[in-house]
């Protein structure tokens, strides 16, 4: 699906900009927190697209509700990933900050894609053209 490609590009751009910012500031960069946080955000984004896939062919109202459920799934997935990172993986405290950056960028890419899907859906009760 093209929305996953958009989310992947947003994740890669965020990682690149974050690494460039850390290098500019002279901060130590470890690859593991970046990769783990990026993977959590990508997994949550992939799961967030499932409700929209399940409502394929439905009207605009159902697709809008699926979009809202998708953003909720994305938020809870990233929140669960952050909890695991903070509790289980105590050796990488920077991963939570990376996950926050990935959350916002993948959320923006996800919302743009979901909004396009809702706009493309047929309106319920609209008169059929002969």
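Where a number appears in this text, it was derived from the coordinates with a stated rule and is not lab data. Just so we're clear, the structure is a prediction, and the values are computed from it rather than from any experiment. Cβ placement follows ideal geometry from the backbone for every residue including glycine, while neighbour counts extend to all protein chains displayed.
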*Output the Kirkwood hydrodynamic radius of region 2-120, Cα pairs only, in Å rounded to one decimal.*
14.8 Å
*Nearest 10 degrees, 0 to 90: helix 94-120 Cα axis against the chain principal axis*: 10 degrees
*For residue 20 and residue 69, what is the calculated FRET efficiency with R₀ set at 25 Å and r taken between the beta-carbons, to the nearest 0.05?*
0.10
*Degrees separating the helix 2-25 axis from the principal Cα axis of the chain, which is the longest one*: 20 degrees
*Theoretical FRET efficiency, 1/(1+(r/R0)^6), r = Cβ-Cβ of residue 12 and residue 43, R0 22 Å, to 0.05*: 0.90
